[in-house]
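Below: the structure, in structure tokens.
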Amino acid sequence: MKTPIIAPSVLSADFSDIISGIKQVNNSGAEWIHFDVMDGSFVPPITFGSKMAADVRKHSELIFDVHLMTEHPHTHIEDFAEAGADYITFHPEAAVHAHRIIEQIHKTGKKAGISIVPSTPVSAITELCPFADIILVMTVNPGYGGQKMIPECLYKVSVLRELREEKGYAYLLSVDGGINEETSAAARKAGTDVIVAGTAFFGAENPSEAVSRLKGL
Ligand code: DX5
Ligand code: ZN
């Protein structure tokens, strides 16, 4: 089993002291920072837009993993690219022309991701798989940190891993939602490359130790 990349989600950081949260991530051994962008429509809460990523970019050289939980994702691509995102992931459930949005992301020079909610089957994204740089399998219904993982979603990671192998695709696999030190073992076993963790990172007494344990070290 290979060691996954850890992407702490700033959703669980203290927004009134975001710089402390970013420094915690920078010094923790995590390789990525995950930005949960919520628009109050695709999901009920509203979080932040590209300015957050642009401001944080001055304080971190980690990989920026932007997760758009928004309607009309195509309207946000260039803004996040300019803000310094490395991966821009959107939900095909919110887009008819998902392939075009992947091309749009690639035109900005960034990596393109697609994410599916628990009720979306892998078959809904099979046609997009050859074009994706990352596939984010949600293991909770999006919108909130601190939820309990739905373990039934993890088989999708195994299915997508086998499909990647069979077809020679290049995407990374990521899991997001309710991943903690216990549930991360099942995610690693399913073959995930990236683990997103909000509560398990920012709620930990020692975030560096949490990162090691999420990696299974
Ligand atoms: C949920 C977000 C997640 C969230 C995960 O809608 O996409 O990235 O931050 O938080 P935890 O790890 O607390 O479930
Ligand atoms: Zn997320």
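Here are some notes:
- Test: residue in the range 93-114 that is charged (D, E, K, R), touching a Lys or Arg at 6+ places or on another chain (Cβ under 6 Å) and farther than 20 Å from VAL43 by Cα: no
- The set of residues from the range 103-145 being free of Cβ contacts under 8 Å to residues at least 40 places away in the same chain, touching a strand residue (DSSP E or B) at 6+ places or on another chain (Cβ under 7 Å) and among the charged types (D, E, K, R) comprises LYS110, LYS111.
- Here VAL43 clears all of (1) surrounded by 17 or more Cβ atoms within 10 Å (Cβ to Cβ); (2) more than 26 Å from ASP193 (Cα to Cα) except the condition numbered (2).
Any read-out appearing in this document is the output of simple, stated calculations on the displayed coordinates, not a laboratory observation. Please read these numbers as outputs of a predicted model, since none were measured by experiment. Positions of Cβ are backbone-derived with ideal geometry, glycine not excepted, and every protein chain shown enters the neighbour counts.
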